[in-house]
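The values are calculated or read from the model by the stated rules, or taken from the named source; none is laboratory data. Keep in mind that this is a model prediction, so the values were computed, not measured. A quick note on method: Cβ atoms are made from the backbone with ideal geometry, for glycine too, and the neighbour counts reach across all protein chains shown.
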Amino acid sequence: MVKSFFQNKVAVISVAVIVIIGLMAVFAPFLTPYDAQRQDLVARLKAPGAEHLLGTDELGRDVFARMLYGARVSLLIAVIPTALAVFLGTILGIASAYYGKVADLIIMWFADVTLAFPGMLLAMAIMYSFGGSFLSVIISIIIMEWGSIARIVRSVTMSITENEYIQAARTMGVRKIVIVIKHILPNLVPTLIVLFTLNIPSSILSESALSFLGIGIQPPEVSLGLMINQSKALIFQKPWLALAPSLMIMILVLAFNYLGDALRDILDPKTKY
């Protein structure tokens, strides 16, 4: 699998882009001398130049510094809730497929309820209920994503349980939890990797959209979506204010999408290189 990964140029380039942006976000204090929160009204709305690489906003804050710190927040909010949603969806999906019709009926009913609502509308309702904060965004994204993940895991688990070695283990009296850990989970790993990678872009876009609407990350915190929201009044006069965070969102989403597609091809046993 490792050899196939390095043979796939799209996967390698996508990982390189994600790692570079991640390192830039982590080491933001060393890449720019400016504080993302520091205001300098004398230097407000400066155009991109040698002093301020991407210019300054209406409060004189350095756009490049804010973009790096905003990428840090976006990556955290993308990775953490997606990982938790995959974890929750995996547990409930396996339980639904493997632990009887009652469990299947109850879990899939809750999944259908969450999937029945438009994702952004459901997230907005959660944000209005709990307020705009880092934790609220994480909760809303988990609730948005776990249902579809649980359905996919349920489908794959039902397919795996039809294999002869699972039937043989059942016949020999092996406990269900042992079968799940030793036989079902290892076979689910490729699917879970792809699900995790492909759900990160939607998490990034959801956080950006919520922050753009003013109900996500709140000042003085920095978010790419919040930066676009704060610059929309000057979109035609000072386009760099919205262009920089928008490009960062686009690059991150494309990188994770391409990585997810590449991993799906690499992990598919029917794919030939």
Next item on the list: Please determine, by comparing only the residues of the stretch 159-178 that are under 11 Å from I94 (Cα atoms) and aliphatic (A, V, I, L, M), which one is farthest from the chain's Cα centre (by Cα).
Entry: I177
Margin query: Only one of N187, N257, N199 is in a helix (DSSP H, G or I), surrounded by fewer than 22 Cβ atoms within 10 Å (Cβ to Cβ) and in contact (Cβ under 8 Å) with a residue 40 or more places away in the chain. Can you tell me which?
Written below: N257
Notebook entry, point to check: Within the stretch 118-137, how many residues are over 16 Å from S202 (Cα atoms) and either surrounded by fewer than 15 Cβ atoms within 10 Å (Cβ to Cβ) or among the hydroxyl-bearing types (S, T, Y) (or both)?
Noted result: 8
Next item on the list: Would you be able to say whether some residue in the stretch 165-180 is in contact (Cβ under 8 Å) with a residue 24 or more places away in the chain and closer than 29 Å to D35 by Cβ?
Entry: no
Checklist line | Complete set of residues in the stretch 137-158 that are within 15 Å of the chain's Cα centre (by Cα) and among the hydroxyl-bearing types (S, T, Y) | finding: S140, S148
Note to self: Quick test of your reading of the structure: V222 fulfils all but one of (1) crowded, with 20+ Cβ neighbours inside 10 Å; (2) modelled with pLDDT of 85 or more; (3) part of a helix (DSSP H, G or I). Name the failing condition by number.
What the structure shows: (3)
Check: When residues of the stretch 237-254 are filtered for being free of Cβ contacts under 8 Å to residues at least 60 places away in the same chain and either buried (at least 17 other Cβ atoms within 10 Å of the Cβ) or closer than 26 Å to G60 by Cβ (or both), how many remain?
Finding: 7
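Of A103, A50, A65, A111, which residue is part of a helix (DSSP H, G or I), without any contact (Cβ under 8 Å) to a residue 60 or more places away in the chain and farther than 25 Å from L192 by Cβ?
On inspection, the qualifying residue turns out to be A65.
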Next item on the list: Please work out which residue is farthest from I204 (Cα to Cα), limiting yourself to the stretch 81-117 and to residues that are at pLDDT 85 or above and of a type in the set (F, W, Y).
Entry: W109
Check: Can you tell me how many residues in the stretch 206-217 are over 16 Å from I139 (Cα atoms) and either without any contact (Cβ under 8 Å) to a residue 12 or more places away in the chain or in a loop (DSSP other than H, G, I, E, B) (or both)?
Finding: 2
